[in-house]
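Readers should treat all values here as calculations from the given coordinates under stated rules, not as data from a laboratory. Just so it is clear, the structure is predicted and the values come from calculations on it, not from any experiment. Ideal geometry is used to build each Cβ from the backbone, glycine not excepted, and the neighbour counts take in all protein chains shown.
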């Protein structure tokens, strides 16, 4: 069984200490980092590549809900919070579990069992579907359409469905952008706005707060932390 690499992001040092004790007690978990700062925590996600992030919601610098969206498919998330009112939003964001502080070890262990199952499923999906295409369920009669990732330009969320824009046309599917994001190789695709994921290879230029795509010239909005992440990824290629 592979170890689960964990990261803790919480602005309360005592909460980090408590979760650290739980993590060190669990034989399948490995603590790779912790931060009391949300932005620094996001940097650690990109640097340390954890499988699982224990995340507070009401952070000082940034809302944990937004941070979850920015983390995207880079890691699975477990909310650890003193506030019960975000449970529905957590479900919508497809988090693994929702733990209320103070977190007891027995409840923590239940969340880890669930996380281990989900992470194993994620690995199986990647193995089964391979990394070069997806079969997308389109329509109501079980029809599935192959979308080759090499042909995929960008994905846009619209209401309760997503649109896969490829070189040969559009494919519509009743999915959330979060579900799709977990199936894409993070090294080739990046979320650049709440409603968009782009193929990095399809970006021709960045002008102010927009990415301009090759051939089509389509402009995709990018701003805030998404823009910072994009620039960070491109840093090694800047001349």
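The angle between the Cα long axis of helix 105-129 and the longest principal axis of the Cα atoms of the chain comes to about 20 degrees, rounded to the nearest 10. For the stretch 133-237, the relative contact order is 17 percent, taking Cα pairs closer than 8 Å that sit 6 or more residues apart in sequence and dividing their mean separation by the residue count.
Summarised as an ellipsoid, the stretch 187-232 has semi-axes of 15, 12, 10 Å, derived from the eigenvalues of the Cα gyration tensor scaled by 5 and square-rooted, with the largest first. Between residue 17 and residue 209, full extension at 0.36 nm per residue minus the direct alpha carbon distance yields a gain of 65.2 nm.
Relative to one another, the C-alpha centroids of the stretch 165-203 and the stretch 93-119 are positioned 28 Å apart. Fully extending the segment from residue 223 to residue 3 would add 75.7 nm, taking 0.36 nm per residue of separation and subtracting the current Cα-Cα distance. Our estimate of slack between residue 200 and residue 235, defined as 0.36 nm per intervening residue step minus the Cα-Cα distance, is 11.2 nm.
Rounded to the nearest 5, the antiparallel percentage of DSSP beta bridges internal to the chain is 65%. Placing dummy labels 7 Å off each Cα toward the beta-carbon, the span from residue 39 to residue 133 is 4.4 nm. With 5 Å bins beginning at zero, the pair-distance distribution over Cα atoms of the stretch 4-128 amounts to 2, 11, 24, 27, 22, 10, 3, 1, 0 %. Between helix 13-25 and the chain there is an angle of about 90 degrees, using the helix long axis and the longest principal axis of the Cα atoms. Calculated translational diffusion coefficient of the chain (10 °C, 1.306 mPa s; Stokes-Einstein with Kirkwood radius over alpha-carbon pairs) equals 84 µm²/s. The C-alpha atoms of the chain define a longest principal axis, and helix 38-48 lies at about 80 degrees to it.
The mean sequence distance of close C-alpha pairs (under 8 Å, at least 6 residues apart), as a share of the length of the chain, puts its relative contact order at 11 percent. Zone of residue 161 (label point 7 Å along Cα→Cβ, backbone N under 19 Å): which residues in the stretch 178-194? Backbone N within reach: 178-181.
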